Amino acid sequence: MSNQSSLPPIQTFPESRLLDNIANFLSFSDSIVSIARGYGLEGYIDGTITRPAANEAPQHLAAGTTPGQPVIGTPTANNSLSPSFDEWEIRNARIAAIIYFNVKDPRGIGLNPNQTASEMWSRIL
């Protein structure tokens, strides 16, 4: 089941393990990938789980949902290749925050908290 409690906490590393320079990139990278893989969120880093369209109303209307009523769908697994827009947003934000908060000077290397996890990861690599 995919709910907020199945996502990792916003984990922050000790100061000595924050990404600071190329010297500690491998240990930083291994830690981030391990966290992401452990929670089924690796696809948000490598870009294989892509952001779905925000407007799903036509699909819901075709399924018989009345406009204006909340649509309750079946939650998908964290590693689903077809999450809902809301699932994608919160899962991506979680792993992006873990990346961002574990870089010593994120703005200094061009990271922005509004970037996707995949955009951040590409920037770091």
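The values are calculated or read from the model by the stated rules, or taken from the named source; none is laboratory data. Quantities reported herein were computed from a predicted structural model and do not represent experimental measurements. Counting neighbours? That spans all protein chains shown, and the Cβs are built from the backbone with ideal geometry, glycine included. These accessible areas exclude ligands, DNA and RNA; they are computed on the full protein's heavy atoms, side chains included. Shrake-Rupley method; radii C 1.70, N 1.55, O 1.52, S 1.80 Å.
Here are the numbers:
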item: Segment 91-125: number of residues that are small (Gly, Ala, Ser) and open to solvent by 40 Å² or more (accessible area, probe 1.4 Å); result: 3
item: Residue in segment 60-76 that is of a type in the set (S, T, N, Q) and at pLDDT 95 or above present; result: no
item: When residues of segment 27-57 are limited to those that are of a type in the set (Asp, Glu) and not in a loop (DSSP other than H, G, I, E, B), the one farthest from ALA77 (Cα to Cα); result: ASP30
item: Close pairs (9 angstrom Cβ cut-off, 6 or more residues apart or separate chains): farther than 11 Å from ILE95 by Cβ in segment 30-49, among the charged types (D, E, K, R) and surrounded by fewer than 20 Cβ atoms within 10 Å (Cβ to Cβ) anywhere; result: SER31/ARG17; GLY47/GLU119
item: Segment 14-37 - residue that is within 13 Å of the chain's Cα centre (by Cα) and surrounded by fewer than 17 Cβ atoms within 10 Å (Cβ to Cβ) and, of those, farthest from ALA96 (Cα to Cα); result: ARG37
